[in-house]
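Everything below concerns the one structure shown next.
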Amino acid sequence: MSLAPANVDELGELLRTRPGRLRLCGGGSRQQRLPPRGDALELCCRRLDRIERIDAPDQTCTVEVGVPRAALDEALHRLGLELPCPGGGTLGGLFAADDVGAASWGGPSPRTLLLGLDGLLADGTAFRSGARVVKSVAGFDVHKLLVGSAGRLFVAARLHLRLKPRPRAEAWFRRDDLDGPAAAALFTTLCQQAIPPAAMQLRRTPRGVELRGRLAGRASTVRAAQQAFALREAAADWLDHVAAPTAGECLAGGARPSQAADLLALLPPGSDFVMHGGGRFELDTDGPATSDQLLHRLHALGATACIVHGAPARRGLGTPTDPGAARLAQGLARALDPHGLLV
Amino acid sequence: MPSPEALLTRELGPDRVLTSPDALLAWECDGFTVHRSRPRAVVLPETTAEVQRIVTLLHGERVPFVPRGAGTCLSGGPTAGPDAVVIDLARMRKVLQVSLVDLFAVVQPGVVNLDLTSAVAAHGLHYAPDPSSQSVCTIGGNLAENAGGPHCFKYGMTREHVLGALVVLPDGSLARLGGPAGARAPHELDLIGLFCGSEGTFGIATEITVRLCRDQQSIRTLLAAFASMRDACRAVSDIVAAGLVPAALEILDQATIRAVEASVYRAGYPADAAAVLLVELDGAADVLAEEAEEVRAIFAGHGALRVEQAQDASERKRLWKGRKGAFGAMGRLNTDLYVLDGVVPRTRLEQALDGIAAIGARHGVLLTNVFHAGDGNLHPNISFDGRDPEQTARTIQAGREILQLCVDLGGSVSGEHGIGSEKIDHIAMMYSPTDLEVMARVRAVFNPDGLCNPGKVLPNRSACAEVAKWPQMTARVLDAEAGRP
Ligand SMILES: Cc1cc2nc3c(=O)[nH]c(=O)nc-3n(C[C@H](O)[C@H](O)[C@H](O)COP(=O)(O)OP(=O)(O)OC[C@H]3O[C@@H](n4cnc5c(N)ncnc54)[C@H](O)[C@@H]3O)c2cc1C
């Protein structure tokens, strides 16, 4: 059964009347990444789909969490603005999953673009965190906990977001003429630039390795980067995720740019791989034995990763978490959702 | 039983445990001089292990403690009550690692902000967050305050540049939050994002991993003088509306210009201007030439009285000298300076400044404004004589009204200086008791016994006791305020 409140008031009412354990979902597109929800009801936020405000001069907006990313993009583009991070689905889902991160090394990511939120604890208690303005350090930033929480700490109802002007010039590029080590080296070099590509990804598919991305800024900077690194113009093409394998598993992780070469070298034959400019990567494996071996090696490299597609019981297993950080995470879950209602 | 001081001395030796009243004087306050209180002792650790032993010991003895960097905070954050021990991290100032490939550094918390940039400058790198106190303040203090600075308009605040930290939690245990592979692992929470800005109440960071930025090819610094503050603010709005993203957009009002020009920070600003706007552009040289022309056209459109463009590094330094030295210059106008830190939506800047002027006039206080215009982050500064209780009271009251104005205009009571003890009562202007209760729950996960930097950020019983430690007059003002219908 799925509950789908029509507005924020209804959402609060629904939580206050305590329907028991809930699994939050935005559009539902990333649900397969979580462990099974068992007997929990699905609470779908798709109908909370109002763009409440776009303040173009201030470059901020407030949206309900069920607003589809594409709908916000359309509204923003008309005003010459953009939400400068990758990721799709609903905005609530995008921020709560944060499964793509930034498109470029040090570039804007959901954690940097979330200025504040109006939220509800599992018992329906409404709270606010952060602000609508681009800068505020008033109080503890509870809203930053939404990012990556996968809906398991509290329910976000409205998000206050930072926007950026759309660049005056942009061009997508593609390099598919390099072998793995050379492509990884170029990926690292581009991450080190004073003005790195606005978006970039290193992919390996059965067809080979390729580097894709988007240069943005002024026409002359775009041209200069194209020339300096032989970045041939290509059609816009961005991949948030590797395709979920029908059999086997999928890992998502984080690594430093210079580890791109190591990651490529570690890949099992035939495995699809994408690494975003912000350091997040995804790859698929043929099954648990390969994934476990990879997790072990990734940890030894200093990278982090976890299983995001596979048998339900394996989703979420990953490289070891620091024990102190794990204790804090458990404590936060207990503090914000003491009865474990959000699963 | 030996006292906690004796136990600390056994750990660190007598040179690194200070207890005599004279020695403690230097730790009596931070940049928020209204709140003064001498701590019980000051300890000077040099390693994570030492911090861990100190915290474990104090936690065991139920003695409160307060981490401290350079003490430049402007909201009373590192000021300790008389029952608390200050853990001063200024001796932990080693740059532990620099990665020239992945562009990050691991530093101890006492590393001075500008020293980090100096350490990597030869490699064409810098650490982007640049509080105006950057020649003194520490990376640990920056992390705890989520510090900003003029160049944060383009490059973001401290949080955007922190990848991770090793933290001694208030019970003496360790937690490693984030790291070079990313601030948040895909299956973890953004704990470092939450820790950043926790104002020393979540634990003590003893190793901090920060991003380094590649220096831009070229920099253009322009200064325009305007006949009215309105023109300066509108020029800012137009620059932003044009899609330009300058590295910095700073405004100084006439009173500030005059204070600067009469001080050692003299920068040659036109003393008759109502406002000067400093715009810094960075990027590829050919692009900057185009952008500087656009900015000049916007200046002209708003009737700029004079426009200057730095021709070389020394001229750039001069143009910035007045801005960077503004607080110091204003500090000369009287014995004390109350630096406020409100934020409004950028489009409400004019309205906010009019309101601030009216509040200043109503309370008869000497007000100057210097601010990060691009972010709508105002720094109204009140010069006052802290020895005069009546003047202090008017100052505090004017400050309170200014922050309420910022909130009423849709903004925040703090853009970068934090809540500390200064705004512990003001935070309720922005948040409901429930909002604050949720924050308190989160703090309790890190700091369940409340021993780490008590009486800061969130109002509670102990906070009232803290306020009572302020000078009598301030406490009376706040009491009177609380008693109002
Ligand atoms: C002239 C002047 C100009 C300024 N300009 C700016 C500006 O442009 N932007 C801005 O944001 N701020 C500015 N500030 C405020 C101040 O410099 C910053 O808040 C700075 O980050 C404080 O650093 P600090 O090392 O002095 O820390 P402190 O003042 O010693 O401490 C600040 C807080 O951090 C905590 N703390 C310190 N070290 C640690 C640690 N290792 N772990 C955990 N907690 C810790 C303390 O308990 C305290 O709550 C300015 C201050 C002055 C005096």
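The values are calculated or read from the model by the stated rules, or taken from the named source; none is laboratory data. All figures in this text were calculated on a predicted structure; none of them were measured in a lab. Cβ: placed from backbone, ideal geometry, glycine included. Neighbour counts: every protein chain shown. Protein only, heavy atoms only, side chains kept; ligands, DNA and RNA dropped before computing areas. Shrake-Rupley method; radii C 1.70, N 1.55, O 1.52, S 1.80 Å.
Before moving on, here are some points about what is shown:
- Selection of the range B:412-437 for residues being open to solvent by 10 Å² or more (accessible area, probe 1.4 Å) and within 16 Å of the ligand (Cβ to nearest atom) yields B:Glu416, B:His417.
- Filter pass, B:Gly200 being among the small types (Gly, Ala, Ser), more than 7 Å from chain A (Cβ to nearest Cβ), crowded, with 24+ Cβ neighbours inside 10 Å and part of a loop (DSSP other than H, G, I, E, B): yes
- Within the range B:7-27, residues that are hydroxyl-bearing (Ser, Thr, Tyr) reach partners that are assigned to a helix (DSSP H, G or I) with beta carbons closer than 8 Å, at six or more positions or on different chains, in the pairs B:Thr19/B:Glu5.
- Within the range B:55-85, the set of residues being open to solvent by less than 10 Å² (accessible area, probe 1.4 Å) and more than 13 Å from the ligand (Cβ to nearest atom) comprises B:Leu58, B:Val63.
- Checked against the criterion of being under 26 Å from B:Ser135 (Cβ atoms), within 14 Å of the ligand (Cβ to nearest atom), part of a helix (DSSP H, G or I) and in contact (Cβ under 8 Å) with a residue 12 or more places away in the chain, the candidates B:Val51, B:Val42 yield just one match: B:Val51.
- Residue check for B:Ala267: open to solvent by less than 20 Å² (accessible area, probe 1.4 Å), in the same structural domain as B:Val236 (by TED's automatic domain parsing) and assigned to a loop (DSSP other than H, G, I, E, B): yes
- Within the range B:415-435, the set of residues being in contact with a helix residue (DSSP H, G or I) (Cβ under 8 Å, 6 or more places away or on another chain), at the interface with another protein chain (Cβ under 7 Å from one of its Cβ atoms) and not β-branched (Val, Ile, Thr) comprises B:Gly415, B:Glu416, B:Gly418, B:Met430, B:Tyr431.
- Among the residues of the range A:92-122, just one is under 12 Å from the mean Cα position of the chain (by Cα), without any contact (Cβ under 8 Å) to a residue 40 or more places away in the chain and either open to solvent by less than 10 Å² (accessible area, probe 1.4 Å) or not assigned by TED's automatic domain parsing to the domain that holds A:Cys61 (or both), namely A:Pro110.
- Residue that is nearest to the ligand (Cβ to nearest atom), among those in the range A:127-154 that are closer than 25 Å to B:Gly182 by Cα and assigned to a strand (DSSP E or B): A:Gly130
- Meets criteria (surrounded by fewer than 21 Cβ atoms within 10 Å (Cβ to Cβ), over 22 Å from the mean Cα position of the chain (by Cα) and either among the hydroxyl-bearing types (Ser, Thr, Tyr) or not in a helix (DSSP H, G or I) (or both)) for A:Pro269: yes
- Whichever residue in the range B:122-133 is open to solvent by 30 Å² or more (accessible area, probe 1.4 Å) and more than 14 Å from chain A (Cβ to nearest Cβ) and, among such residues, is nearest to B:Glu199 (Cα to Cα): B:Ser133
- Within the range B:138-149, residues that are of a type in the set (Gly, Ala, Ser) and within 6 Å of the ligand (Cβ to nearest atom) reach partners that are part of a helix (DSSP H, G or I) and open to solvent by less than 10 Å² (accessible area, probe 1.4 Å) with beta carbons closer than 6 Å, at six or more positions or on different chains, in the pairs B:Ala147/B:Thr158.
- Looking only at the range B:120-137, and only at residues there that are within 6 Å of the ligand (Cβ to nearest atom) and among the hydroxyl-bearing types (Ser, Thr, Tyr), the one that is farthest from B:Arg93 (Cα to Cα): B:Ser132
- Exactly one residue out of B:Asp88, B:Asp102 is within 16 Å of the ligand (Cβ to nearest atom), at pLDDT 95 or above and either more than 14 Å from chain A (Cβ to nearest Cβ) or crowded, with 20+ Cβ neighbours inside 10 Å (or both): that is B:Asp88.
- Among the residues of the range B:386-411, those that are open to solvent by less than 30 Å² (accessible area, probe 1.4 Å) and more than 13 Å from chain A (Cβ to nearest Cβ) comprise B:Thr392, B:Ala393, B:Thr395, B:Ile396, B:Gln397, B:Ala398, B:Gly399, B:Ile402.
- For the range B:245-268, residues that are within 18 Å of B:Leu305 (Cα to Cα) and among the hydroxyl-bearing types (Ser, Thr, Tyr) total 1.
- Within the option set A:Leu163, A:Leu186, A:Leu146, being closer than 30 Å to A:Pro35 by Cα and either open to solvent by less than 20 Å² (accessible area, probe 1.4 Å) or out of contact with any Asp or Glu (no Cβ under 8 Å at 6 or more places or on another chain) (or both) holds for one residue only, A:Leu146.
- So B:Ile192, is it in a helix (DSSP H, G or I) and either within 16 Å of the ligand (Cβ to nearest atom) or open to solvent by 40 Å² or more (accessible area, probe 1.4 Å) (or both): yes
- Members of the range B:164-194 that are out of contact with any strand residue (DSSP E or B) (no Cβ under 8 Å at 6 or more places or on another chain) and more than 9 Å from chain A (Cβ to nearest Cβ): B:Asp171, B:Gly172
- Flag if A:Gly124 is more than 7 Å from every other protein chain (Cβ to nearest Cβ), in a loop (DSSP other than H, G, I, E, B) and not aromatic (Phe, Trp, Tyr): yes
- Check on B:Glu250, acidic (Asp, Glu), in contact with a helix residue (DSSP H, G or I) (Cβ under 6 Å, 6 or more places away or on another chain) and away from chain A (no Cβ under 13 Å): yes
- Residue pairs whose Cβ atoms lie under 6 Å apart, sitting 6 or more positions apart in sequence or on different chains, and linking a residue in the range B:62-75 that is more than 14 Å from chain A (Cβ to nearest Cβ) to a partner that is modelled with pLDDT under 95 and near the ligand (Cβ under 6 Å from one of its atoms), are B:Gly71/B:Asp30; B:Thr72/B:Gly31; B:Thr72/B:Ser133.
- The selection criterion, being charged (D, E, K, R) and surrounded by 14 or more Cβ atoms within 10 Å (Cβ to Cβ), does not hold for B:Asp22.
- Residues located in the range B:369-394, provided they are touching a residue at least 60 places away in the same chain (Cβ under 8 Å) and either within 12 Å of B:Val34 (Cβ to Cβ) or not assigned by TED's automatic domain parsing to the domain that holds B:Asp341 (or both): B:Gly386, B:Pro389, B:Thr392, B:Ala393
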